[in-house]
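Notes to accompany the following structure.
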Amino acid sequence: MTAWVIGAGPAGLMAAEELADAGLPVVLAEAKPSPARKLLMAGKSGLNVTRDEPLADFAARYDVDWLAPMLADFGPDQVRAFCEGLGQPVFAGSSGRVFPVAMKGSPLLRAWLARLAEKGVALRTRWRWTGFDGAALTFDTPEGRQAVSPAVTVLALGGASWPRLGSDAAWLPWLREKGVTITDFAPANMGFQMNWSPHMARHFGQPVKGAALIAGPRRERGEFVISERGLEGGGIYTVSRDLRLGAPLALDLFPDLDLAALRARIARLKPGDSAANRLRKLGLGPAALALVQELARPLPADLAPLLKHLPVPHHGPRPLEEAISSAGGIARASLTADLELRALPGIFAAGEMLDWEAPTGGYLLTASWATGLHAGRAAARAYSARIQN
């Protein structure tokens, strides 16, 4: 009798290791020709594995509280130890983001796959899960259609963002047919569409730094980028959930000055200067200055309130397939505390398949690992109980 993990992303790899550490024969099935493609893509600009912050603050960044016990078992400290155990030392940047010294994801992934192979995990690539045939799991494989009946299974198939890398949510109808409740997917950590005038074209790709983004009651400091498609980047992603749910967006372009101090600074400028020169002399960079002129023509005589609260009338989120992650997934009510599917005993789920949401910055990867570990340990216990019975 074997234990199967379907999906060789971060959650699936972690679940496979936990099952192997329990002494179980493990098969890891991956639809793509190679594992963890989304992890490798994310690591191209630096693999942000977690955050250097207290666990309570870290856990508060998620939209659900049921992840807290799993993050307590595998949170920022454990992520650091895990990476270092794979020969990948890490460091914390000035923003608190934690990266491997090598920065990219490929050295960590190579070391991890080698360790899993040493533990006997059998990786089968190009094995695409296609649903159920009775109680059996069916796959399209290079050898044709296959059906297997594992003792226990961990599903770690990702959400619905970046479908070209494997997270295409093709599994959704098969689980719904079995009675699993799934919240519809929506984009998360995504950009927002803006209908720019032609004057903005020369600023595409430029960052706006030092601003505070205001989304309803939330206020976050962060950098974002003006792109041809709209506004993108870490600062926007941090407030993307609030914006998706309907909060208005505004910018405070001088977050370190209160209104009175900004007015005093403006009053010291030459009154005969053009509005553009006055904005430039206040310290606004070209991208931020262009944004003010794009969104607030004609400029008011009293600039200070506008610069402290510049409304940004966006046109909604970019499509799901462009998002870094997805909101929605298997509802908590359809899962036991062990992440076992109530409708399908012996089948567990982990990672972005589950209905939770968090900003970028190490939160997504840490929770994927934490839920993979939790599901893998629970599946190992279920396997042992089944063998004993």
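The values are calculated or read from the model by the stated rules, or taken from the named source; none is laboratory data. The model shown is predicted, which means the values in this text are computed figures rather than measured ones. No Cβ is skipped: glycine too gets one built from the backbone with ideal geometry, and neighbour counts run over all protein chains shown.
Before moving on, here are some points about what is shown:
- Hits in segment 268-282 (condition: out of contact with any Lys or Arg (no Cβ under 9 Å at 6 or more places or on another chain) and surrounded by 12 or more Cβ atoms within 10 Å (Cβ to Cβ)): ALA275, ALA276, LEU279, ARG280
- Filter result (farther than 19 Å from GLU223 by Cβ and either of a type in the set (S, T, N, Q) or at pLDDT 90 or above (or both)) within segment 280-299: ARG280, LYS281, GLN293, ALA296
- When segment 354-369 is filtered for residues that are within 16 Å of GLY159 (Cβ to Cβ) and among the small types (Gly, Ala, Ser), the ones remaining, listed by number, are ALA358, ALA367, SER368.
- Filter pass, VAL101 being farther than 29 Å from PRO345 by Cα, surrounded by 15 or more Cβ atoms within 10 Å (Cβ to Cβ) and among the β-branched types (Val, Ile, Thr): no
- Yes/no for GLY222 being modelled with pLDDT under 95, surrounded by 20 or more Cβ atoms within 10 Å (Cβ to Cβ) and of a type outside the set (A, V, I, L, M): yes
- Matching residues in segment 283-298 - criterion: being more than 17 Å from ILE226 (Cβ to Cβ) and either assigned to a helix (DSSP H, G or I) or within 38 Å of the chain's Cα centre (by Cα) (or both): GLY283
- Residue check, LEU307 farther than 29 Å from PRO76 by Cβ and not assigned by TED's automatic domain parsing to the domain that holds ALA16: yes
- Residue within segment 322-339 that is surrounded by fewer than 20 Cβ atoms within 10 Å (Cβ to Cβ), in a helix (DSSP H, G or I) and touching a Pro at 6+ places or on another chain (Cβ under 8 Å) present: yes
- ALA156 without any contact (Cβ under 8 Å) to a residue 40 or more places away in the chain and either within 12 Å of MET353 (Cα to Cα) or small (Gly, Ala, Ser) (or both): no
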